[in-house]
Every structure is written in structure tokens, then in C-alpha cells.
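The values are calculated or read from the model by the stated rules, or taken from the named source; none is laboratory data. Predicted model only: the values in this text are computed from it and were never measured. Note: ideal-geometry Cβ built from the backbone for every residue, glycine included; neighbour counts use all protein chains shown. To get the accessible areas, we keep the full protein, side chains included, count just its heavy atoms, and leave off ligands, DNA and RNA. Shrake-Rupley method; radii C 1.70, N 1.55, O 1.52, S 1.80 Å.
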Amino acid sequence: MTPAVRIIGAGLAGAEAAWQCARRGVAVELFEMRPVRQTPAHQTGDFAELVCSNSLKSDSENTAPWLLKEEMRRAGSLLLEIARGCAVPAGHALAVDRVTFSASVTEAVSREPLITVRREEVAEIHGDEITVIATGPLTSEGLSQEIARLCAAGDAPDRSRAGAPAPHNLYFYDSISPIVEADSIDMSRVYLAARYDKGSADYINCPMTAEEYNRFYDALLSAQPVEARDWEKLNYFEGCLPIEEIARRGRDTLRFGPMKPVGLKDPRSGKRPYAVVQLRQENLRADSYNLVGFQNHLKFGEQARVLRLIPGLENARFLRYGQIHRNTYINAPSLLNETLQLKGHPWVLFAGQICGVEGYVESIATGLMAGIHAAALACGHALIPPPRETALGSLTHYITHADPKNFQPANITFDLLPPLAEKVRDRRQRHRLQCERAQGRFTTWLDGVCGVPCLKPA
Ligand SMILES: Cc1cc2nc3c(=O)[nH]c(=O)nc-3n(C[C@H](O)[C@H](O)[C@H](O)COP(=O)(O)OP(=O)(O)OC[C@H]3O[C@@H](n4cnc5c(N)ncnc54)[C@H](O)[C@@H]3O)c2cc1C
């Protein structure tokens, strides 16, 4: 039988996508370049290798990661079923024996008669073949160039926040600024203002005297960086240099860059500070703020030590530390529609980390969805995205509707789900109701609308 669907990459997303196609009676050609060609992080030739932690996140009922897994379970996810079969004790999390996990996925996928496995690197995509690109954050160089070519037809954003726009719509790095909890900021030491008083005063500004700046500068230069493994050695792009790299260019460089005080007069003194660190609201609840332009490659403990020298952040609690790491992903908001199809080439779908989601479970979930949709395409059905109220629908809605200029990959969180019609103050109760609503809608989508019925049980 001629395979109807080509799936590139047998990682978490690709293995799940192949299984979902086969379960719907659609033949698949699954390409995996390992072990013929390794990535810098994978260790084996097995499918669905977990390259770092062995955790598939919270399994506590009515949490967002649980809801996403619950939807995947209802949709017959192979990888989730295998994960449950080789779970190891990990409190509220679903953690797995990683060796058994990927060995079992490899065996199940290779045994499936409708899936033909090809151990080779793919470097060419044909827009007239149904193809799922699931080559992950470490997509090979040759294919990255091909994807850049394929995606060049879309609307390119002005400038990548996460790396060079090379050449269009494809990012190679994530640069992440640290985030602090709002109530750990000493508001008596900071002030609210927008630069040149333009717009509303939404930024928290941490002013520094020359003495404070010099102390911070010296601490930053002497802070220990993360030890880069070979494959992590980064060629930084001018648009997203780590702060310690900017600092190394001269004592005043930061004052002309992310710590520029121009247009930020302190209303209490009427004077312009020597330097300013700006904090931007992170979420609608305004309970967290990110340090604007403070991406860095320092050890977490060192970040805490150095960043607490900033006036107002002496007792800051960090929700996330700054990071810069390798990650190949496309600008999904400008390139994909909610079915994960490339707008310019509707027979090409993206899944996994490369489509702009972050994390193991999110990668498997988008693989599942791309597999269902690729099968629907092969059978001539119309594609219908999962409802917005579901975890999967919210995740794909986020990646396809976020601001393309500031797009960054996302994990599943309740922030992505639409609010309930009625306000529910109690957080646990609210999440429980959102989960109930999501499950109802997800089942309806699976039962009727998702296009191709499942022919084979999981
Ligand atoms: C170093 C690192 C650590 C991470 N740690 C975590 C973590 O702890 N927890 C977490 O939730 N997420 C983590 N992630 C993020 C993400 O969840 C994982 O990368 C996850 O494996 C992504 O799944 P995927 O299916 O998109 O890609 P992968 O699982 O990487 O699968 C992609 C597959 O495509 C193959 N491939 C690449 N190019 C080609 C080609 N041209 N032709 C054929 N095959 C190709 C690769 O060999 C690979 O098998 C990490 C990412 C990295 C890079």
C-alpha cells in the first residue's frame, strides 16, 4: 500500500502522530534520522526519547497538565498509555522509566503494519504530499533550511525576539527573561512610569544610583555562567544578547541598552536615575513581572544573588530564571492555522516543539492532533480544530493567535483557557469547572467532528 502520510521525526510528537494515523486505517511512512544521524542531545536510536527530565508533569486532578493528559487519554494516546504502564513513583507527577518508555514506544510503532519506518534524514518537503513535520527543537540543519524556505511565503514578523530571523519565521533559540512574584517587590523603592510618559504607566521601574549600578555591574561580571555542553554553545544574536555579554562590552553598555534611564524620570525626585531596570507585567492577574531584556546564561543561584542587588528586588522571589537555550520553532501565529496546517501549504502540518509548544506532554498532544488531522486529510474529510474550551484547543489557539512579534513557546496553563461564563472566586472550584467543561467539549469533538473515526482500538 502506498503510504498516504509522511511523518518526519519519530520523537514524542511524530511517534504519536504516526500511531493516530494508523489507528484510522491510514498508511504512514515515518522518517527518523537517528541512529544514522544523532542530534546533539539524544543518546539512543529509540523513538520518543526523553532527553532530560523523566516527568510528564502533574497528574493531580483538575490541574492544567492533568486536563491535557485526560484529553489525550480519551483520544487514545499511545504514548500516554505506555507512560502509565512504566510510571515510577513521583508524588503528584507522572514520571516514567525513560528506557522502558522509549523502548516500548519504538516496539509498538515498529510493529504496526500500517507504519513503515525509514531510518534516514529528510531534507526536502513537498507541499503536495500530506506531511507532518515533527522534528523537534533540534531539527537537523538541512531540514531547518528547507523549513525556512517553505515558511518564507508567510507573513514574516519584523524581528525575532528569540533569535535571528533566519531567514524568516524560524527561530533557533529561546531567550527567557527572569520573572518575579509581584508581592515580593519592595514597592517603596520603585516607581511606575512609561518611558517619556507615553501610554499608561504600566512598567515598574527600579532606579539605581551610580554606586548601586557599579556594585551590580561588578557582581554580574563575576557571576558564574551555566556550563555549556558542546551542543549548547550558542552564537548569540545582537537582538537578544545575554545581559552579562552586553556588560562585558564595557561598564556603561548596559546603561545604553536594557538599563537605559532616558525618559524615565523618578517622580519622587524629579530626576533621571543613573540606570533603570524595568519590570513588565507578565499576566492578567498582575501577580508576576518579568525583567525586561534580562535574558542571561547564568546559574540560577547566581542570578538570584546578582538580581537581588537591584533596588526593590532585595527579597524577590523568582518564578522563573533567565535562560537561553537551543530551540528550533516556527512563528506559528503567522504561519499556522488552528488545525496545525501551514497556511501557505495546507498539506503540510507541524507538531511538537517545532510548532511552538513547550514540553513533553504538549509535544505529544500536538502530535496526536496532527495525526488525527493528517488522517482526515488523507480520507478527504474537512478538518475541525478542537474546541477552544479544551486544553488542546486552548494550546493550539494560543500558538496560532499570539502576537507574532513577541511569540514564545507555551506550556499548557489555565491562563490559556477561556474564562467561565460566571465568575467563580474559589480557584480550585473554578479550575474544576473549567476541566469539566473542557472534557465535555472534547468528547463531543472526538465523537463527531474530528473527521475520521478510529478503526482500531488503542
Ligand atoms: C536538551 C533539551 C531538554 C529538554 N528537557 C525537557 C524536559 O525536561 N521536560 C520537558 O517537558 N521538555 C523538555 N524539552 C522540550 C521538549 O519537550 C522536548 O524536546 C521534546 O522531546 C519535544 O518533542 P518533539 O517530538 O517535538 O521533538 P523530539 O522528541 O526531539 O523528536 C524529534 C525527532 O526528529 C528527529 N529529526 C530531527 N531532524 C530530522 C530530520 N531532518 N529527518 C528525520 N528525523 C529528524 C530527531 O532525531 C528526533 O527523534 C527539552 C528540550 C531539549 C532540547
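Residue by residue, here is whether (1) at pLDDT 95 or above; (2) open to solvent by less than 50 Å² (accessible area, probe 1.4 Å); (3) assigned to a loop (DSSP other than H, G, I, E, B) holds:
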{"site": "SER102", "(1), (2), (3)": "yes, yes, no"}
{"site": "PRO113", "(1), (2), (3)": "yes, no, yes"}
{"site": "VAL122", "(1), (2), (3)": "yes, yes, yes"}
{"site": "ILE125", "(1), (2), (3)": "yes, yes, yes"}
{"site": "GLU129", "(1), (2), (3)": "yes, no, yes"}
{"site": "THR135", "(1), (2), (3)": "yes, yes, yes"}
Any hit, the stretch 69-84, residues being open to solvent by 40 Å² or more (accessible area, probe 1.4 Å), within 22 Å of the chain's Cα centre (by Cα) and more than 13 Å from the ligand (Cβ to nearest atom):
yes
Verdict on ARG320 being touching a residue at least 40 places away in the same chain (Cβ under 8 Å) and out of contact with any helix residue (DSSP H, G or I) (no Cβ under 8 Å at 6 or more places or on another chain):
yes
Closer than 20 Å to GLU112 by Cα and either more than 7 Å from the ligand (Cβ to nearest atom) or assigned to a helix (DSSP H, G or I) (or both), is that true of GLN43?
no
Among the listed residues VAL117, VAL36, VAL96, identify the single one that is under 15 Å from GLY14 (Cα atoms) and at pLDDT 90 or above.
VAL117
Based on what the data block shows, is ALA13 among the hydrophobic types (A, V, I, L, M, F, W, C), within 7 Å of the ligand (Cβ to nearest atom), open to solvent by less than 10 Å² (accessible area, probe 1.4 Å) and within 18 Å of GLY356 (Cα to Cα)?
yes
If we ask which residues in the stretch 245-300 are assigned to a helix (DSSP H, G or I) and open to solvent by 30 Å² or more (accessible area, probe 1.4 Å), their number turns out to be 6
Please enumerate the residues belonging to the stretch 246-290 that are without any contact (Cβ under 8 Å) to a residue 12 or more places away in the chain and out of contact with any helix residue (DSSP H, G or I) (no Cβ under 7 Å at 6 or more places or on another chain).
ARG249, GLY250, ASP252, PHE256, SER269, GLY270, LYS271, ARG272, ARG285
If a residue has to be under 15 Å from PRO333 (Cα atoms), of a type outside the set (Lys, Arg) and either open to solvent by 60 Å² or more (accessible area, probe 1.4 Å) or not in a loop (DSSP other than H, G, I, E, B) (or both) to count, how many in the stretch 394-417 make the cut?
13
Those residues of the stretch 48-61 which are over 12 Å from VAL361 (Cβ atoms), more than 7 Å from the ligand (Cβ to nearest atom) and not acidic (Asp, Glu), in sequence order
ASN54, SER60
